[in-house]
Amino acid sequence: MRFVVSGGGTGGHIYPALAISRGLKEKYPGAEVLYVGTTQGMEADIVCKENLPFRGIVASGLERKLSLHNLLVLWQAGRGFWQAAGIIRQWRPDAVIGTGGYVCGPVVLAAALRRVPTLIHEQNAFPGITNRILSRFAGCVAVTFADSIKYFPNPNKVRLTGLPVRPEILTAERKTALEKLGLSHDRFLLLSFGGSRGARAINEAMVSVIKKFANDPRLSIIHVTGTLGYQEFIDNAAASGINLDKIGNVTIMSYAYNMQDALGAANLVVSRAGAATLAELTVMGIPSILIPYPHAAENHQEFNARALEKENAALVVLDRELNGEVLCGKIAELLDYRDKLSAMSAASKRLGKRDALKDIIECVDELIKARNK
C-alpha cells in the first residue's frame, strides 16, 4: 500500500499528519508513506527527522485584500498544482490524507481529480478556508469538534473523530506523574503554560496568581513561561516583590520536556486554546481556563475554546480581558467549589476522543474499500 500525507505551515497541521502516517504503517504493514509539504515550512525539517520520505512543492496563502502578492500566490498555486499532480501520478497512492495548511490544496485536489481516495482532517472548531474548499472534493472530512460540522457543505461526508494525541498522553497516570514531578499527592496542582514560546498575557497574569497563592498549603503551581518569556517573567516577579527561592509550592520552567507528566498530574490547566492542546486536555479529562490567542487565523482559538465552554468543560477569558485579578478570581472560584471543578472534569472527559487515530485510519480504510468495490 502507498499513501501521500500532506500538512504544513504550523505544528498543528504537521503533528497530526505524522500521527496519521504512523497509524497507516501500523494498519498496513509494509506500507509506504510519502509526506508532501513546502520546502520553506516547518515540515521540511520536522518530517525528515521522522525518517519519512519528503517532497516539497510551492504553496502560499492569499492575503485578505487586493494586492500584487495575490497575483504571485495565484501563479504559485498553479505551479504547485502541477507539481502535486506529478507526484500523485508518479507515486500512485492508494489514498491521500491532508491535515491542513495551504500545501494541502494542490495535493488533495490533484489526487481527487485522479479519483484517488482522499480524506482531509480539520483540527479547529472553525474550519480553515483551505479545508472548507477541499471538502467539496474530498471523499471524507474528519473533524475534531462537532461545532465545525455545520461549516461544511456536505455533512454526510463529515466524521467526528477527534484529533490524534501523543501515545504518552494516553498512558499518563496521576499517581506516577506526581511521583516523577516530586509533588505531594494531597495537593491540588495548577498547571499554566502558553506554548513553547510562551504567552506574555498569561505570564503577566500568573505573576499575580503566584503572589496570591504563594505557600498556600492547598495547592502546587507549575508555570511554564516559554523560552522567550522566561527572563521577563523572572524580572516581573522580582519587581512585584516575589522571592521565588522562598516559595515552596511553585515551580517555574522555561519549557516542559515532560509535559505528559505535568498534564497527567494537573487538576486544572490555564492555557491557550490550540486544537492539539484541547485534544490532550479532553482525553485526560482536565478542566481548564482558556485564554484564546487573539491573533490566530480566523480567530479559530476562540471558536475552539467556546466549544469547550459550551459543554461546561472550560472557562474562557479573552486575552483583552485577562489580568492578574481576573485570573486569580477564576482559580479561587474553582479551588473553593470543587463540585464545579469535578463537573468540568467530567465534561472534559466526555469530549475526549481517545480513539481518534484509530477512527481516522478506519475512515481511510473505508474509502479504499469503496474505491475497490
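The values are calculated or read from the model by the stated rules, or taken from the named source; none is laboratory data. Remember, predicted model here, so these are calculated numbers, not experimental data. Counting neighbours? That spans all protein chains shown, and the Cβs are built from the backbone with ideal geometry, glycine included. To get the accessible areas, we keep the full protein, side chains included, count just its heavy atoms, and leave off ligands, DNA and RNA. Shrake-Rupley method; radii C 1.70, N 1.55, O 1.52, S 1.80 Å.
Computed quantities for the displayed model
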item	result
Lone qualifier among Tyr257, Tyr293 - being of a type in the set (Phe, Trp, Tyr) and free of Cβ contacts under 8 Å to residues at least 40 places away in the same chain	Tyr257
Residue satisfying all of: in region 341-370; among the hydrophobic types (A, V, I, L, M, F, W, C) and farther than 23 Å from Gly264 by Cβ; most open to solvent (accessible area, probe 1.4 Å) among these	Ala370
Count of region 302-359 residues which are under 19 Å from Ala275 (Cβ atoms) and among the aromatic types (Phe, Trp, Tyr)	1
Qualifying residue in region 333-340 (condition: assigned to a helix (DSSP H, G or I), of a type in the set (A, V, I, L, M) and either open to solvent by 20 Å² or more (accessible area, probe 1.4 Å) or not assigned by TED's automatic domain parsing to the domain that holds Ala138 (or both))	yes
Among residues of region 117-157, those that are modelled with pLDDT of 95 or more, open to solvent by 20 Å² or more (accessible area, probe 1.4 Å) and among the aliphatic types (A, V, I, L, M), counted	2
Qualifying position, being assigned to a helix (DSSP H, G or I) and modelled with pLDDT under 95, among Arg371, Arg350	Arg371
Test set (1) crowded, with 20+ Cβ neighbours inside 10 Å; (2) more than 30 Å from Asp319 (Cβ to Cβ); (3) more than 22 Å from the chain's Cα centre (by Cα) - Leu113 fails condition number	(1)
When residues of region 17-38 are limited to those that are touching a Gly at 6+ places or on another chain (Cβ under 9 Å) and open to solvent by less than 10 Å² (accessible area, probe 1.4 Å), the one nearest to Ala356 (Cα to Cα)	Ile20
Region 296-318, subset at pLDDT below 95 and crowded, with 16+ Cβ neighbours inside 10 Å, residue farthest from Asn203 (Cα to Cα)	His300
Yes/no for Ala77 being farther than 21 Å from Glu32 by Cβ, at pLDDT 95 or above and in a helix (DSSP H, G or I)	no
Filter result (in contact (Cβ under 8 Å) with a residue 60 or more places away in the chain, open to solvent by 40 Å² or more (accessible area, probe 1.4 Å) and farther than 15 Å from Gly285 by Cβ) within region 161-182	Arg166, Glu168, Thr176, Lys180, Leu181
Residue match in region 39-47 (condition: surrounded by 19 or more Cβ atoms within 10 Å (Cβ to Cβ) and of a type in the set (Ser, Thr, Tyr))	no
Qualifying residue in region 94-108 (condition: within 19 Å of Glu362 (Cα to Cα) and either in contact with an Asp or Glu (Cβ under 6 Å, 6 or more places away or on another chain) or open to solvent by 10 Å² or more (accessible area, probe 1.4 Å) (or both))	yes
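Yes/no matrix, rows are residues, columns are (1) farther than 25 Å from Gly12 by Cα; (2) not hydrophobic (A, V, I, L, M, F, W, C):
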site: Leu341; (1), (2): yes, no
site: Leu351; (1), (2): no, no
site: Lys358; (1), (2): no, yes
site: Leu367; (1), (2): no, no
site: Asn372; (1), (2): yes, yes
